[in-house]
Amino acid sequence: MTAERIAVAAQKGGVGKSFTSVNLATGLARASWRCLLVDADAQANSTSLFCSLDDVEFDLYDVVARGTDVRKVVLSTRVDGLDLLPSTLAVARLDHEMISMHRREARVFESLEPLLDEYSAIIFDLPPALNAVVISALSAATSLLVPTDASEWGLRGAKMFLEWGEDLRQARVLSADLLGILLTKFESGTRIGREVRGELYQSGLPLFDVVVPKRTGAERMIASRLVIGDEGSDDDINDAYGRLTLEVIQRVNDVRTRRGRHAKE
């Protein structure tokens, strides 16, 4: 079955986008989905959780700009069933170079096409930008997950991103189904957290039932290069992303049913 391609995208930085990408990919892999995590962010946060950047020989830039065989670039990770297409600072040049490329919106999809039948899911960790790399990755995506933290700026950024996405739909660049909005870094004891959550509920947008709590344990996991299920990982974070994984599987099944397909159980 052709891989479900899930873009994790947000216009605002600091909303847990990379952390969500990594742990969703890990959760899917541990649910027996063969998964590829594509790090499309030059900050390479997702890549750094699995390997030293000094050890990365090829990255997304090499695949898209130089035509390097994608199979030569993909790395295995310590998580069974999870592979990584890494990023480095070189990916920062990709946006500039893609502007002059023919059919630039299709470049990410065409670069990954040889792998589509080898994975159950491909997760894109996208930078907090509205650039050529993001547009090409969104064009390649079949599903979209938008994280936002429990802040007014985060909520505003999510709404702006979705409005921009509608422009891309009108231009027939984006066709991905919106799986949902994920509220991250949530503190139920704060007024702003409750207000943002309430406004999201009233917006009519599809929200994930799970809410990712704000935990210092998440920062410790990042510092120690831990993902969900690793020894020493935070229990509340494990629970939240475990439940998110189940919700994503269910929602992918639902959208595939609407498309006339069925996701792997």
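Structural remarks
- Qualifying trypsin sites (Lys or Arg not before Pro) in the range 160-260, where qualification requires a DSSP coil assignment and no more than 14 other C-beta atoms within 10 Å, comprise Arg172, Arg225.
- With Cα atoms as the point set, the radius of gyration and Dmax of the range 66-116 evaluate to 12.6, 38 Å.
- Binned Cα-Cα distance frequencies in the range 50-167 - 5 Å width, integer %: 2, 10, 19, 22, 19, 15, 9, 4, 0
- In Hz, Karplus ³J(HN,Hα) per residue of the range 226-240 (6.51, -1.76, 1.60; θ = phi - 60°; x = Gly, Pro): 9, 10, 4, x, 6, 4, x, 6, 6, 4, 5, 5, 4, 5, 5
- Only Lys, Arg (+1) and Asp, Glu (-1) charged, at Cβ; the range 85-235 dipole about Cα centre in debye: 420
- Value of [θ]222 nm, deg cm²/dmol, for the chain, DSSP H segments ≥ 4, -39500 (n - 2.57) each, nearest 500: -13000 deg cm²/dmol
- Neighbourhood net charge (9 Å Cβ-Cβ; Lys/Arg +1, Asp/Glu -1) for Gly16: +1
- Packing here is the average count of other Cβ atoms within 10 Å per residue, and on that basis the peptides 9-15, 155-161, highest first, run 9-15, 155-161.
- q = 0.15, 0.18 Å⁻¹: log10 I(q)/I(0) that the Debye formula gives for the range 1-119, counting C-alpha atoms only: -0.66, -0.98
- Rounded to the nearest 20 debye, the dipole size of the chain about its Cα centre is 620 debye, using +1 on the Cβ of Lys and Arg and -1 on the Cβ of Asp and Glu.
- Karplus-based coupling profile of the range 128-141, in residue order and whole Hz: x, 8, 10, 10, 5, 5, 5, 4, 5, 5, 5, 5, 7, 6, with θ = phi - 60° in 6.51 cos²θ - 1.76 cosθ + 1.60 and x standing for Gly or Pro.
- Each part gets one Cα centre, and for the range 175-232 versus the range 21-42 those centres are 17 Å apart.
- Among the lysines of the chain, pairs at least eight places apart or on separate chains and with Cα atoms under 29 Å apart come to 12.
- Amide H to amide H distances under 5 Å link Leu174 with Arg169, where only residues 5 or more positions off or on other chains count and H is placed in the peptide plane.
- Accessible area (Å², per residue) of the chain, counting only protein heavy atoms and a probe of 1.4 Å: 45
- Carbon and sulfur %, accessible surface of the range 128-265 computed with the full protein complex present, 1.4 Å: 49
- Once the Cα gyration tensor of the range 1-45 is diagonalised, semi-axes √(5λ) in Å: 21, 11, 9
- Charge dipole (the range 123-265, unit charges on Cβ, about Cα centre) - positive-most of Ile123, Val133, Met221: Val133
- Cα Rg over Rh - the range 96-160, Kirkwood: 1.04
- With N the number of residues in the range 200-247, Rg(Cα) / (2.2 N^0.38 Å) evaluates to 1.32.
- Accessible-area composition of the range 1-124, carbon plus sulfur, in percent [1.4 Å probe]: 46
- Rg to Rh, two decimals, where the chain supplies the alpha carbon set and Rh follows Kirkwood: 0.94
- Global size of the range 17-74 as Cα Rg and Dmax, reported in angstrom: 12.1, 34
The values are calculated or read from the model by the stated rules, or taken from the named source; none is laboratory data. None of the values given here were measured: they were computed from a predicted structure. Heads up, the Cβs are rebuilt from the backbone with ideal geometry, glycines too, and the neighbour counts pull from every protein chain shown. What goes into the accessible areas is simple: the full protein's heavy atoms, side chains included, and nothing from ligands, DNA or RNA. Shrake-Rupley method; radii C 1.70, N 1.55, O 1.52, S 1.80 Å.
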